[in-house]
Amino acid sequence: MKRVDDFEARRQHLSKMTDNELYDYFWELSAKVVDPLLELGRTHTTPSIERSVLLRMGFSSIEAKAIVEKCIDKGLMGKGAGHCVYRLSQKKGIGIRDAGLTLAKGEGWEGLWN
């Protein structure tokens with residue numbers, strides 16, 4: 001069975017584009033593919049995923065569990081536990097580890113998004 005070659009027909013709408021236009025079109029199409037995935041990541045996280053992120057940030061499983069539990073209690077899971085740690089680090093001018101340990105103790109949550 002021979003494959004029907006329809007390359008020329010499928011590329012007609014691209015044939016008159018310059019390299020820069022093709023480059024821009026590629027990134028436009030890429031964004032259309034990736035944007036829904038990013039939205040899913042924002043809206044469909046779990047405690048397990050958030051603990052995993054914190055483990056990769058250098059926290060122990062016990063520390064990560066405490067941070068995630070506090071994040072849930074404060075209603076900030078949609079922001080992401082790692083983002084909460086990063087945000088406190090930036091607001092207070094302290095290291096990531098210190099920020100995470102502060103949050104694990106239940107401190108520093110007030111005003112993270114004010």
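Please verify whether A9 is modelled with pLDDT under 95, of a type outside the set (S, T, N, Q) and over 22 Å from the mean Cα position of the chain (by Cα), treating the condition exactly as stated.
yes
I need a count of the residues in segment 87-109 that are in contact (Cβ under 8 Å) with a residue 40 or more places away in the chain and surrounded by fewer than 14 Cβ atoms within 10 Å (Cβ to Cβ).
0
Between K74, K65, K70, which is touching a Gly at 6+ places or on another chain (Cβ under 7 Å) and surrounded by 11 or more Cβ atoms within 10 Å (Cβ to Cβ)? Outline the logic, then answer.
Working: K74 fails: touching a Gly at 6+ places or on another chain (Cβ under 7 Å); K65 fails: touching a Gly at 6+ places or on another chain (Cβ under 7 Å).
Testing whether each residue is touching a Gly at 6+ places or on another chain (Cβ under 7 Å) and surrounded by 11 or more Cβ atoms within 10 Å (Cβ to Cβ) leaves just K70.
Can you go through D35, D5 and tell me which one is within 30 Å of A64 (Cα to Cα) and either among the acidic types (D, E) or in a helix (DSSP H, G or I) (or both)? Write out each step before concluding.
Values: D5 fails: within 30 Å of A64 (Cα to Cα).
Just a single option satisfies the conditions, and that option is D35.
Given the residues L88, L101, L112, which is the only one that is in contact with a Cys (Cβ under 9 Å, 6 or more places away or on another chain) and more than 14 Å from E50 (Cα to Cα)?
L112
Out of everything in segment 74-105 that is modelled with pLDDT under 95 and more than 17 Å from M57 (Cβ to Cβ), what residue ends up being nearest to the chain's Cα centre (by Cα)?
My answer is G78.
Can we say L112 is farther than 24 Å from L38 by Cα, touching a residue at least 12 places away in the same chain (Cβ under 8 Å) and surrounded by fewer than 19 Cβ atoms within 10 Å (Cβ to Cβ)?
No.
The values are calculated or read from the model by the stated rules, or taken from the named source; none is laboratory data. The structure displayed is predicted, hence computed values, not measured ones. Heads up, the Cβs are rebuilt from the backbone with ideal geometry, glycines too, and the neighbour counts pull from every protein chain shown.
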